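The values are calculated or read from the model by the stated rules, or taken from the named source; none is laboratory data. Note that this is a predicted model, so its numbers are computed, not measured. As a convention, Cβ positions derive from the backbone with ideal geometry for all residues, glycine included, and neighbour counts pool all protein chains shown. Please note that ligands, DNA and RNA were not included when accessible areas were found on the heavy atoms of the full protein model with its side chains. Shrake-Rupley method; radii C 1.70, N 1.55, O 1.52, S 1.80 Å.
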Amino acid sequence: MTKIDLITGFLGSGKTTFLKLYASHFLKKGERLGILENDYGAVNVDMMLLSDLEGESCTLETVAGACDADCHRRRFKTKLIAMGMSGYDRVIVEPSGIFDADEFFDVLREDPLDRWFEIGAVIAVVDPTYDGEWSRASLSLLSSQAASAGAVVFSKTQLVSQNALENSIEALKNALALSKCDRDISGSIITKRWSDFTPADLERISESGFYPADYIKTPIGEKDFSTLYLMSLSLTPERLKQASKAIFSAEKGVRRIKGFCLQNGQWYEFNSTQSQTTLNPIKSGQDVVIIIGEGLDKEKIKKYLE
């Protein structure tokens, strides 16, 4: 059977960065990988960020969104069926930050996927730098992602104090308690800096498995989270930084801004949360900015970027 791993985590937690580190470990071992980017959005920016992994031993696939939940689930299953017949040693699924982890388990229980795939590890990536308020919908998603995770990997730990990190861990445990999940995740938490990860660390994470934890799920409505796509803005990196700072200051529901911008023939990948903004050169991009959050005032946000 083909091993299949799920790397999940809330918006802007660092899933794609971890995925690149995790996948590179298996490629160095000589394994043949299939990576499935499972996003609800109409434009999958993260696929471009993973392009340097693609090659003879690694194939990138995507499930595009812009459809209802049932349609998305059918596309997800269809793609996994195709990947199950491709002879990979391992398949790694990275979904959207507003993904309900139960969809992963439900689909893999269906025929023929239950005969082809064996769940290897469910990995939840958690960002300890976020110090804003968590809504009911956000807490529900965070709980669903962490409750079943064999490894809860904290990102950006080099950016926070030990006290802030401990507070973030406590907040995660409180979120699980609010969902009536009685699992103690202490033994699954990893706070080591990613730059210090060894091959043995990544191997242990891959063997962490998953937990069939019980919890009370809060229904997430279509209006709880929304996405705004803006194309052909032709913004410079500095202009995009300024606009993002203004948006986060004025619009409390915004959780992540990502996309690409071009300056002097060089593409840059832009990623911003309330606590951190990164701008990195990239081989190729697309003139798109994506804003994700709760209760977005889309017309107001557009004015910051136009």
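Worth pointing out:
- Seen from Ala164, the other residues with C-beta closer than 13 Å to its C-beta sum to a net charge of -3, counting Lys and Arg as +1 and Asp and Glu as -1.
- Whole-number accessible area per residue in Å² for segment 142-284, which is evaluated in the context of all protein chains at 1.4 Å: 53 Å²
- Stretch gain in nm, segment Asp70-Lys29, where the contour uses 0.36 nm per residue and the Cα spacing is subtracted: 11.1 nm
- Relative contact order of the chain, defined on C-alpha pairs under 8 angstrom at six or more residues apart (%): 18 percent
- GNM top mover of Ser140, Ser161, Ser179 - the chain, alpha-carbon springs below 10 Å: Ser161
- Pairwise label distance in nanometres, Asp89 with Ser161, each label 7 Å out on the Cα-Cβ vector: 4.5 nm
- With the highest mean first, a sort of the peptides 85-95, 263-273 on other beta-carbon atoms found within 10 angstrom per residue produces 85-95, 263-273.
- The modelled label-to-label distance between Ile216 and Leu21, using points 7 Å beyond Cα along the C-beta direction, is 3.6 nm.
- Translational D in µm²/s for segment 94-169 (Stokes-Einstein at 37 °C, 0.692 mPa s, Kirkwood Rh from C-alpha pairs): 232 µm²/s
- Carbon plus sulfur fraction of accessible area for the chain, probe 1.4 Å, in percent: 48 percent
- Candidate aspartates and glutamates - alpha carbon under 17 Å from Lys252, same-chain residues fewer than 8 apart omitted: Asp131, Glu133, Asp224, Glu294, Asp297, Glu299
- Reachable aspartates and glutamates from Lys217, criterion Cα separation under 14 angstrom, eight or more residues apart if same chain: Asp100, Asp102, Glu103, Asp182
- Segment 224-303 - percent relative contact order, Cα under 8 Å, separation 6 or more: 40 percent
- Taking 0.36 nm per residue of separation and subtracting the Cα-Cα distance, full extension of the segment from Ser51 to Leu279 would add 80.4 nm.
- Only lysines eight or more places from Lys245 in sequence, or on another chain, were considered; those with a Cα closer than 18 Å are Lys258, Lys298, Lys300, Lys302, Lys303.
- Modelled FRET efficiency - R0 51 Å, Gln266 with Asp184, Cβ distances, 0.05 increments: 0.60
- Extension gain from Ser249 to Ser226, taking 0.36 nm per residue of separation minus the Cα-Cα distance: 6.4 nm
- Glu118 paired with Lys303, simple spin-label distance in nm, labels 7 Å along Cα-to-beta-carbon: 5.8 nm
- Stokes-Einstein diffusion of segment 134-238 at 37 °C, 0.692 mPa s viscosity, Kirkwood radius from Cα pairs, rounded to a whole number: 203 µm²/s.
- Net charge over other residues, Cβ less than 13 angstrom from the Cβ of Lys283 (K, R count +1; D, E count -1): -3
- Where Rh is the Kirkwood radius over Cα pairs, Rg/Rh for segment 55-210: 0.98
- Size descriptors for segment 202-306, from the alpha-carbon set: Rg then Dmax equal 17.2, 53 Å.
- For peptides 50-60, 18-28, sequence by mean Cβ density within 10 Å, most packed first: 18-28, 50-60
- Checking every one of the GluC sites (Glu not before Pro) in segment 126-185 against DSSP loop status and a limit of 10 other Cβ atoms within 10 Å picks out Glu133.
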